[in-house]
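Working notes for the structure below.
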Ligand SMILES: NC(=O)c1ccc[n+]([C@@H]2O[C@H](COP(=O)([O-])OP(=O)(O)OC[C@H]3O[C@@H](n4cnc5c(N)ncnc54)[C@H](OP(=O)(O)O)[C@@H]3O)[C@@H](O)[C@H]2O)c1
């Protein structure tokens, strides 16, 4: 009989789930579920279905519940508000009920996007003021967890990068896809500030908090201060393409038809609480970007 502690991971089929699986699988017994069963280590569970969720978690006799998944496409969330609240907020309430009933700690993943961007940087105690429906739904999840869950970790991620071309739906993959298409000029906004968050670092830092049992709410982004334009420039540098591809700065207005959801001008987090507890193992974003491209994009630009 295995003596390993068990973790139930819900919504683990995406970018972050890939990292959680990798980082936790050797030391814990995992049950990973998602509505998109895209790996052989995943099984089907729709966490909006409270009874099915409760039954599945109880059956696994788990020591922890990680509620990872959400709808993360901001434009989809603007257009499908009820579905967004059902998925990103009510399902989190389901997770809280289950964790409380089983008397186990809950992990919920929140986002830097819950702030309004009026400040340059935000620490763990700054007051959120979400602008769009994705951010509202995620913040509502945070509030419910903090007010109702007995033992929890809420970890706020920034601009996620991880899992490679198959699963990365965000900025790095969007730029990489344009480079692969053969674009010689990239238009990138220079009025959006934030912090990249490497999924593997994030999963490692969550593991550390779990081991220490320091429950509560934490900002958890990579080290360094930056914005979209600098991230794109650094990516070209990592790829050695800074001479071949021109980077042109545009304002967010340029993309307002495609990216119509409101986004804060700054969603830069500082990991103040992790720093003060001396538990911040998030590395510098430039180092993580380099490692991410090396480990997940080998040969990608050459493949047809
Ligand atoms: N991506 C970011 O930049 C970012 C930044 C900050 C915080 N976060 C948060 O980090 C967490 C993980 O996000 P991620 O980047 O890994 O996103 P992701 O790649 O989109 O993965 C989320 C997964 O959840 C699944 N899911 C959606 N609805 C579900 C449901 N009802 N039941 C079960 N699974 C469901 C998704 O399936 P489908 O693909 O079929 O929808 C997807 O496989 C989320 O809570 C997100 O809000 C993300």
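The values are calculated or read from the model by the stated rules, or taken from the named source; none is laboratory data. On a predicted model such as this, the values are computed, not experimentally measured, just so you know. So basically every Cβ, Gly included, is an ideal-geometry build from the backbone, and we count neighbours across all protein chains shown.
Here is how the numbers come out for the structure above:
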quantity	calculated
Test result for residue 18, under 30 Å from residue 261 (Cα atoms), within 13 Å of the ligand (Cβ to nearest atom) and buried (at least 22 other Cβ atoms within 10 Å of the Cβ)	yes
Criterion violated by residue 163 - all others in (1) on the phi < 0 side of the Ramachandran plot; (2) in contact with a helix residue (DSSP H, G or I) (Cβ under 7 Å, 6 or more places away or on another chain); (3) buried (at least 19 other Cβ atoms within 10 Å of the Cβ); (4) touching a residue at least 60 places away in the same chain (Cβ under 8 Å) satisfied	(1)
Breaking point among (1) modelled with pLDDT of 95 or more; (2) outside any strand (DSSP E or B); (3) more than 15 Å from the ligand (Cβ to nearest atom), for residue 30	(2)
Residue 113 vs. criteria within 16 Å of the ligand (Cβ to nearest atom), in contact (Cβ under 8 Å) with a residue 24 or more places away in the chain and either assigned to a loop (DSSP other than H, G, I, E, B) or within 20 Å of residue 34 (Cβ to Cβ) (or both)	no
Unique match (being more than 17 Å from the chain's Cα centre (by Cα) and either farther than 17 Å from residue 216 by Cβ or not in a helix (DSSP H, G or I) (or both)) among 65, 107, 90	90
